[in-house]
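Here the structure is laid out as structure tokens; the discussion comes afterwards.
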Amino acid sequence: YTIDAVKQNVKLLLQTRKGERLMQPDLGIDLYRFLFEQITSDTLIEIQNEIIETFSKWLPFVVINDIKIQPGENYDIGVNSINIYLEFNLDSDPRSLESVQVTIGE
């Protein structure tokens with residue numbers, strides 16, 4: 001795996017809604033359902049658990065080291081977003097620390 005391809009796969013997996021892929025309805029994470037919920041510690045844990053569970057199924061060679069989740073800073077009416085920062089490495093190369101940042105809902 002090239003690290004650039006893995007980074008792109010990580011971003012795409014985070015942005016893909018479950019049911020969006022026609023022949024693979026289980027592919028993805030439905031993070032969009034959290035856009036209009038209040039971000040509490042329970043919500044953050046639920047989002048983190050969904051990310052970890054989905055990655056263990058679809059990208060098992062990616063080891064997640066850190067997940068940071070923050071509500072978006074756009075305060076316009078009807079515009080909600082969640083910023084996700086993910087730090088990871090490949091299980092085949094523990095020294096290859098990489099990160100991606102994705103905004104859901106913009």
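The values are calculated or read from the model by the stated rules, or taken from the named source; none is laboratory data. Given the structure is predicted, the values throughout are model-derived calculations rather than measurements. Positions of Cβ are generated from backbone atoms using ideal geometry, with glycine treated the same way; all protein chains shown enter the neighbour counts. Ligands, DNA and RNA are excluded from the accessible area calculation, which covers all protein heavy atoms including side chains. Shrake-Rupley method; radii C 1.70, N 1.55, O 1.52, S 1.80 Å.
Here is a yes/no grid of residues against (1) under 16 Å from Ile84 (Cα atoms); (2) outside any loop (DSSP other than H, G, I, E, B); (3) without any contact (Cβ under 8 Å) to a residue 24 or more places away in the chain:
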| residue | (1), (2), (3) |
| --- | --- |
| Asp4 | no, yes, yes |
| Lys11 | yes, yes, no |
| Ile29 | yes, no, no |
| Ile45 | yes, yes, yes |
| Thr54 | yes, yes, no |
| Asn65 | yes, yes, no |
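Would you point out which residue out of Leu59, Leu44 is aliphatic (A, V, I, L, M), surrounded by 15 or more Cβ atoms within 10 Å (Cβ to Cβ) and more than 16 Å from Ile104 (Cα to Cα)?
When all the criteria are applied, what remains is Leu59.
Name the pairs: first residue in region 81-106 and on the phi < 0 side of the Ramachandran plot and of a type in the set (Phe, Trp, Tyr), second residue part of a strand (DSSP E or B) and open to solvent by less than 40 Å² (accessible area, probe 1.4 Å), Cβ to Cβ under 7 Å, at least 6 apart or on different chains?
Hits for this filter: Phe88/Val62.
Looking at Arg17, Arg33, can you tell me which residue is outside any strand (DSSP E or B) and either touching a residue at least 60 places away in the same chain (Cβ under 8 Å) or more than 25 Å from Thr2 (Cα to Cα) (or both)? Before you say what the answer is, go through the steps one by one.
Values: Arg17 fails: either touching a residue at least 60 places away in the same chain (Cβ under 8 Å) or more than 25 Å from Thr2 (Cα to Cα) (or both).
Matching residue, one of Arg17, Arg33: Arg33.
Considering (1) part of a strand (DSSP E or B); (2) open to solvent by 70 Å² or more (accessible area, probe 1.4 Å), say which one Asn89 fails and leave the rest.
Checking Asn89 against (1) part of a strand (DSSP E or B); (2) open to solvent by 70 Å² or more (accessible area, probe 1.4 Å), the one that fails is (2).
Here's a check for you: in region 10-41, which residue that is under 10 Å from the mean Cα position of the chain (by Cα) and polar (S, T, N, Q) is least open to solvent (accessible area, probe 1.4 Å)?
First, the residues of region 10-41 that are under 10 Å from the mean Cα position of the chain (by Cα): 10-16, 28-31.
Pick out the ones that are also polar (S, T, N, Q) and you get 15-16.
On the way: Gln15: 77, Thr16: 24 Å².
The qualifying residue least open to solvent (accessible area, probe 1.4 Å) is Thr16.
I need a count of the residues in region 68-95 that are modelled with pLDDT under 95, under 26 Å from Glu37 (Cα atoms), of a type in the set (A, V, I, L, M) and within 19 Å of the chain's Cα centre (by Cα).
Selection size over region 68-95: 3.
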